[in-house]
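One structure is given here, and the rest of the page talks about it.
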Amino acid sequence: MIHSVYSEIFRAKQEGKQLLALLIDPDKVQLQDLAQLLNKTAESPVTHIMIGGSLLSTYQLEETVRKIKSISNLPVVLFPGNVSQVTKEVDAMLFLTLVSGRNPEYLIGQHVQAAPIIKGMGIETIATGYMLIESGAPTSVSYISNTQPIPRNKTDIAVATALASEMLGMQAIYLEGGSGAKFSVPLDLVSAVSSAVGIPILVGGGIRDNETIQKMYAAGATMVVVGTAFEENAGFFDQN
């Protein structure tokens, strides 16, 4: 299998290129509104479309992906919340391990259930160490996964977790503030993690303006993920 999406992300890491993903939650976006939404991204720096949410129905997921791919040529990457959120319609998926938590369901349990399905679908998987960072407010991720985030001032714990993830064979690290985060992931934490590992760093949650996006890149993020900010402001990319 050719891992084309990950190859692009890893090459961007090596070359210092900046990737920007728009995260679309099928439960929050109407199918009839996708054309207008994606037309806006065509005029923006967006390089990838991510799709996922904490609570999804398979029907909404597949229909949304098909609609996106009929409109946009950007790679569509699945950002699953559980084993039921899998569709062969995507170009790749983040095979997430919630390394910041200690709930076995999100360390290996869900993965064992999903692996045969994913293998059968032939989906490109990107093994990703998913690290939830405290963001000033309870998030859907912490509630659904029943795990605690890494305290935002505990950079040493974040670095050690990222290093362990890389040593375990993860292909990327996702630093996440959570959907609707009050604060984005601290820049010094992003910088410390980026300096410690050699794999791409993805950062999302609580990012509401272009200035923060640029600061994340400067701190070492290869890909920045924006979701809620765009849901609340369809003109978000006009400021970029």
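The values are calculated or read from the model by the stated rules, or taken from the named source; none is laboratory data. Small disclaimer: the values here were computed from a predicted structure and weren't measured. Glycine also receives a Cβ, built like all others from the backbone with ideal geometry; neighbour counts cover every protein chain displayed. When the accessible area is computed, the model is the full protein with side chains, heavy atoms only, and any ligands, DNA or RNA have been set aside. Shrake-Rupley method; radii C 1.70, N 1.55, O 1.52, S 1.80 Å.
If you filter region 56-81 down to residues that are under 17 Å from the mean Cα position of the chain (by Cα) and without any contact (Cβ under 8 Å) to a residue 40 or more places away in the chain, you find that the one that is farthest from residue 108 (Cα to Cα) is 74.
Check whether at least one residue in region 189-208 is closer than 21 Å to residue 236 by Cα, at pLDDT below 95, open to solvent by 40 Å² or more (accessible area, probe 1.4 Å) and out of contact with any Gly (no Cβ under 7 Å at 6 or more places or on another chain), and report yes or no. Yes: one or more hits. Within region 166-222, the set of residues being aromatic (Phe, Trp, Tyr) and either within 18 Å of residue 134 (Cβ to Cβ) or more than 17 Å from the chain's Cα centre (by Cα) (or both) comprises 174, 183. Of all the criteria given as (1) touching a His at 6+ places or on another chain (Cβ under 6 Å); (2) part of a helix (DSSP H, G or I), the one not satisfied by residue 21 is (2).
The set of residues in region 83-130 being of a type in the set (A, V, I, L, M, F, W, C), without any contact (Cβ under 8 Å) to a residue 60 or more places away in the chain and either open to solvent by 50 Å² or more (accessible area, probe 1.4 Å) or outside any loop (DSSP other than H, G, I, E, B) (or both) consists of 93, 95, 98, 107, 108, 112, 114, 115, 117, 118, 121, 127. Against the conditions (1) surrounded by fewer than 20 Cβ atoms within 10 Å (Cβ to Cβ); (2) among the hydrophobic types (A, V, I, L, M, F, W, C); (3) farther than 30 Å from residue 42 by Cα; (4) at pLDDT 95 or above, residue 144 satisfies every one except (4).
Please go through region 153-187 and give me each residue that is farther than 15 Å from residue 212 by Cβ, modelled with pLDDT of 95 or more and not hydrophobic (A, V, I, L, M, F, W, C), ordered by number. Result: 153, 154, 155, 156, 161, 165, 166, 169, 171, 174. Would you confirm, using the coordinates I've provided, whether residue 69 is assigned to a loop (DSSP other than H, G, I, E, B) and either more than 20 Å from residue 179 (Cβ to Cβ) or modelled with pLDDT of 95 or more (or both)? No, not satisfied. Annotation: of all residues in region 71-82 being surrounded by 20 or more Cβ atoms within 10 Å (Cβ to Cβ) and β-branched (Val, Ile, Thr), the one that is nearest to residue 202 (Cα to Cα) is 77. Of all residues in region 151-175, those being open to solvent by 10 Å² or more (accessible area, probe 1.4 Å) and either outside any loop (DSSP other than H, G, I, E, B) or within 17 Å of residue 10 (Cα to Cα) (or both) number 13. Among the residues of region 176-217, those that are of a type in the set (D, E, K, R), touching a residue at least 24 places away in the same chain (Cβ under 8 Å) and assigned to a helix (DSSP H, G or I) comprise 188, 215.
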